[in-house]
1. If I ask for residues that are within 12 Å of the ligand (Cβ to nearest atom) and either crowded, with 24+ Cβ neighbours inside 10 Å or closer than 15 Å to residue 100 by Cβ (or both), which ones from segment 125-146 would you list?
2. I'm told residue 259 meets every condition in (1) in contact (Cβ under 8 Å) with a residue 12 or more places away in the chain; (2) part of a helix (DSSP H, G or I) except one. Can you identify the failing condition by its number?
3. Determine whether residue 173 is touching a residue at least 24 places away in the same chain (Cβ under 8 Å) and within 16 Å of the ligand (Cβ to nearest atom).
4. Find all pairs meeting these conditions: Cβ atoms under 6 angstrom apart; at least six residues apart or on different chains; first residue within segment 209-223 and under 18 Å from residue 4 (Cα atoms); second residue assigned to a strand (DSSP E or B) and within 16 Å of the ligand (Cβ to nearest atom).
5. Looking at segment 11-28, is at least one residue surrounded by fewer than 21 Cβ atoms within 10 Å (Cβ to Cβ), in contact with a strand residue (DSSP E or B) (Cβ under 6 Å, 6 or more places away or on another chain), outside any helix (DSSP H, G or I) and at pLDDT 95 or above?
6. Taking residue 92 as the residue in question, decide whether it is at pLDDT below 95 and either in a loop (DSSP other than H, G, I, E, B) or under 27 Å from residue 265 (Cα atoms) (or both).
7. Within segment 1-13, how many residues turn out to be in contact (Cβ under 8 Å) with a residue 24 or more places away in the chain and either over 10 Å from the mean Cα position of the chain (by Cα) or away from the ligand (no atom under 16 Å from the Cβ) (or both)?
8. Does segment 49-85 hold any residues that are surrounded by fewer than 22 Cβ atoms within 10 Å (Cβ to Cβ) and within 13 Å of the ligand (Cβ to nearest atom), and which are they?
Ligand code: DGL
């Protein structure tokens, strides 16, 4: 297989990484993609660094069985905790994440200098976003909030506007953050873009809501292009694997991705 015809390997703890796949498909529709969702172990964000690192190494090992030209860590938690470990172990493959591109975008676009981040416990505790945002703009004030209830609800398919439970939970999390006067809100978990419309309604017009999934796909495209790794031929192949129930995942994935899913979901023993 020609280098640029190879797959982009994408992984997350569950359905969240599909928000990155969706952004990749929108901007690079002809790329071949292998996706792995570690649904047997979701959520990652409430676990220890050691446990998250172990899961992440297993995820990359699985993707590495295929002919891949890049690894995309489509999970803020995995990126914040285990990025360096993955880069060391798989130094021959370019590894892309979500924290760096999202931090850069927010740091360069805020006007008031007050940025809010919602993410998992592990991402918030790692301070990865604060550190990276300050690298690009040291004058910003960063307010981080862990929202551990959101990932389990999204995994259960509770991501639609009008769902009273998710709307109530989001209102409780976001109202105090809104009152602090931020002008930018980072969705620092790839599950959260599924909640974009509800979040945008709560935060209102004055707050720019930045999806880590879109920022990651934009950077991925630029990087693949500069390394001459963009696929040049038409048509794409997409394969999806999960470590738990494939049918349930496929149902949720189809609701969210529609035609963009473009492939079957299979179970994989990892
Ligand atoms: N979607 C992930 C993230 O971006 C992980 C959520 C989880 O498993 O807790 O952080």
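1. Residues satisfying the conditions are 126, 128, 129.
2. Failed condition: (1).
3. yes
4. Within 6 Å, the pairs are 220/96.
5. No, segment 11-28 contains no residue that is surrounded by fewer than 21 Cβ atoms within 10 Å (Cβ to Cβ), in contact with a strand residue (DSSP E or B) (Cβ under 6 Å, 6 or more places away or on another chain), outside any helix (DSSP H, G or I) and at pLDDT 95 or above.
6. yes
7. Matching residues across segment 1-13 total 8.
8. Passing the criteria: 51, 83.
The values are calculated or read from the model by the stated rules, or taken from the named source; none is laboratory data. Bear in mind that the values here come from a model prediction, so they are computed numbers and not experimental data. Quick reminder, even Gly has a Cβ in these numbers, built from the backbone with ideal geometry, and neighbours come from all protein chains shown.
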